[in-house]
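Structure record follows, encoded as structure tokens.
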Amino acid sequence: MSSSQFDHKLSGPSLAFQPLYQQVAEYIKQLIVERRWQPGEMLPSEFKLADEFNVSQGTVRKALTLLTDTKIVTRRQGVGTFVSEHTAQDALFRFFPLQADGKGADLPKAELLGIELISPDKNVQAALNLSGKERVTKLERRRILDNEFCMLETIFLPAKYFAGIHERKDIPHTLYHFYQTDFNQTVFKTRDGIKAVLASDNDAKLLQIKAGEPLLLVTRVTESIDGKLIEYRESKCRSDHYHYQVELD
């Protein structure tokens, strides 16, 4: 990419009043979205990026620091800067907050209960900013920790971002890595809401508990690095000997 193309990208009104390092960070992020560099791939050196974009190395360094702080890239001391990828360990510590009491973080297994292409109801439309004419894939899963059913998940994915996923037979336990590698949808941030509910008869049957026992209902809206709303999920979590843990940066 030539410096003239970079200058053209920065000429829009949305970037005109940003500091140069923020403009460079936005442009690098856009190149990542466009798959110039794959998840886990090392970026060119600061010197090469500075030469390509016709800016100083200091500007590139500040841009990469900004992208590191937002977890879009990862720096490895003495090695280089890499496009972040959602590995199983990353998903565990950043995106799965349910833990068994008295135990450390552990990545649960997932049992797929159902997958289908449907029309979204008004709640899903509002969460994902969809029209009633659009379609979503609905996944239903049951999560397992220590050989015990601990959570029920209902996940909604816009068909326009996940074409054909409802026909896949190889849905893995860790979805965010799957979204990134197979559908070029990289999770950037999530917004969770939590409330207490009582287990329905169906919840009780699937979780092997009694109807009416307290559960935590966690709703989550997930945003990609380019600002798209790519997932809405509702998770019903056992609370008898599990807890919801969040670590704030």
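The values are calculated or read from the model by the stated rules, or taken from the named source; none is laboratory data. Not measured: the values here are computed from a predicted model. When we count neighbours, we look across all protein chains shown, and the Cβ atoms used for this are built from the backbone with ideal geometry, even at glycine. Please note that ligands, DNA and RNA were not included when accessible areas were found on the heavy atoms of the full protein model with its side chains. Shrake-Rupley method; radii C 1.70, N 1.55, O 1.52, S 1.80 Å.
Search the range 119-156 for residues being part of a helix (DSSP H, G or I), in contact with a Phe, Trp or Tyr (Cβ under 6 Å, 6 or more places away or on another chain) and under 29 Å from Ile209 (Cβ atoms), and hand back the single one that is most open to solvent (accessible area, probe 1.4 Å). Per the criteria, the residue is Ala127.
Pairing each residue of the range 35-52 that is without any contact (Cβ under 8 Å) to a residue 12 or more places away in the chain and under 29 Å from Phe183 (Cα atoms) with any residue that is open to solvent by less than 50 Å² (accessible area, probe 1.4 Å) and among the charged types (D, E, K, R), provided the two are 6+ apart or on different chains, yields C-beta distances under 8 Å for Pro44/Glu52. Among the residues of the range 176-189, those identified as among the hydrophobic types (A, V, I, L, M, F, W, C) and in contact (Cβ under 8 Å) with a residue 60 or more places away in the chain are Val187, Phe188. Considering the conditions (1) at pLDDT 90 or above; (2) within 21 Å of Arg191 (Cβ to Cβ); (3) surrounded by fewer than 19 Cβ atoms within 10 Å (Cβ to Cβ), Tyr179 is excluded by exactly one of them, (3). Scan the range 186-212 for residues that are touching a strand residue (DSSP E or B) at 6+ places or on another chain (Cβ under 7 Å) and of a type in the set (Asp, Glu) and the total you get is 2. Each residue in the range 44-87 was checked for being within 19 Å of Gln185 (Cα to Cα) and either at pLDDT 95 or above or open to solvent by 40 Å² or more (accessible area, probe 1.4 Å) (or both), and 6 pass.
State which residue is least open to solvent (accessible area, probe 1.4 Å) when the search covers only the range 1-43 and only residues that are β-branched (Val, Ile, Thr) and at pLDDT below 90. In this case the residue turns out to be Ile32.
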